[in-house]
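Please treat every number below as a calculation from the coordinates, not as lab data. Being a predicted model, the structure only gives us computed values, none of them experimental. Note that each Cβ is placed from the backbone with ideal geometry, even for glycine, and that neighbours are counted across all protein chains shown.
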Amino acid sequence: MSNRVQKAVELRDMKAYNCAQAVLCAYSDTVGIDELTAYKIAEGFGSGMGGLGSTCGAVTAVCMLIGLKNSSGKLGDKSTRADTYKKIRIFTERFKEHAGSVLCRELKGENGHPVYPCQKCIETAAKLFENGEI
């Protein structure tokens, strides 16, 4: 496991970051934002978008990273949008191949028996981003 993947897992476990914060903060410097800004941006995306059980926070964070990495950064320029969407579709499909879903409520399972635990979601999302599989 790489240092950044390990950092993301540790941020969730040891510092009580949510899944989105853990992943975004572990890679924030690679996309030109500081960790505090990443932490604040990702706060509302934990537990499947603010506790709604929707898209997993680790998945959402990688989608943010893909956008930050891939966008032209020019306001109003849509030239990179289609490619960014494509990369996000590829990433989410690969994540689903590992975890079975991208929905937090499905990953967490029922009655305290997670189908794919948060730490594993963080590790999988971070590895897929880091390995350039998107």
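For a bin width of 10 Å, list the pair-distance distribution of the stretch 33-107 built from all Cα-Cα distances, rounded to whole %.
So the P(r) values, bin by bin, are 19, 42, 34, 4.
Roughly speaking, what is the stretch gain from Lys86 to Met14, that is 0.36 nm per residue apart minus the C-alpha to C-alpha distance, in nm to one decimal?
Full extension from Lys86 to Met14 adds 22.5 nm.
Among 13-25, 78-90, what's the highest-first ranking by average C-beta atoms within 10 angstrom per residue?
Output ranking for 13-25, 78-90: 13-25, 78-90.
Taking amide hydrogens as modeled 1.01 Å from N in the peptide plane, which residues meet the under 5 Å criterion relative to Leu103, leaving out close sequence neighbours?
Cys56
On a 0 to 90° scale, report how tilted helix 57-70 is relative to the longest principal axis of the chain, with both axes built from alpha carbons and the result rounded to the nearest 10.
Its long axis makes an angle of about 10 degrees.
Students often forget the sequence filter, so: which aspartates and glutamates lie under 14 Å Cα-Cα from Lys15 once same-chain residues fewer than 8 apart are removed?
Glu35, Glu43
Beta carbons within 10 angstrom, averaged per residue: use that to sort the peptides 61-73, 117-129, 99-111, highest first.
117-129, 61-73, 99-111
Using only Cα atoms, tell me the angle between helix 3-14 and the longest principal axis of the chain; keep it within 0 to 90° and round to the nearest 10.
With rounding to tens, the tilt is 50 degrees.
For the stretch 1-66, what percent of Cα pairs sit more than 14 Å apart?
So the pairs more than 14 Å apart make up 49 percent of the total in the stretch 1-66.
Given labels modelled 7 Å from the Cα in the Cβ direction, how far is it in nm from Ser79 to Asn131?
So the label points at Ser79 and Asn131 sit 3.2 nm apart.
Rg(Cα) of the stretch 3-130 divided by 2.2 N^0.38 Å?
Dividing the Cα Rg of the stretch 3-130 by 2.2 N^0.38 Å gives 1.01.
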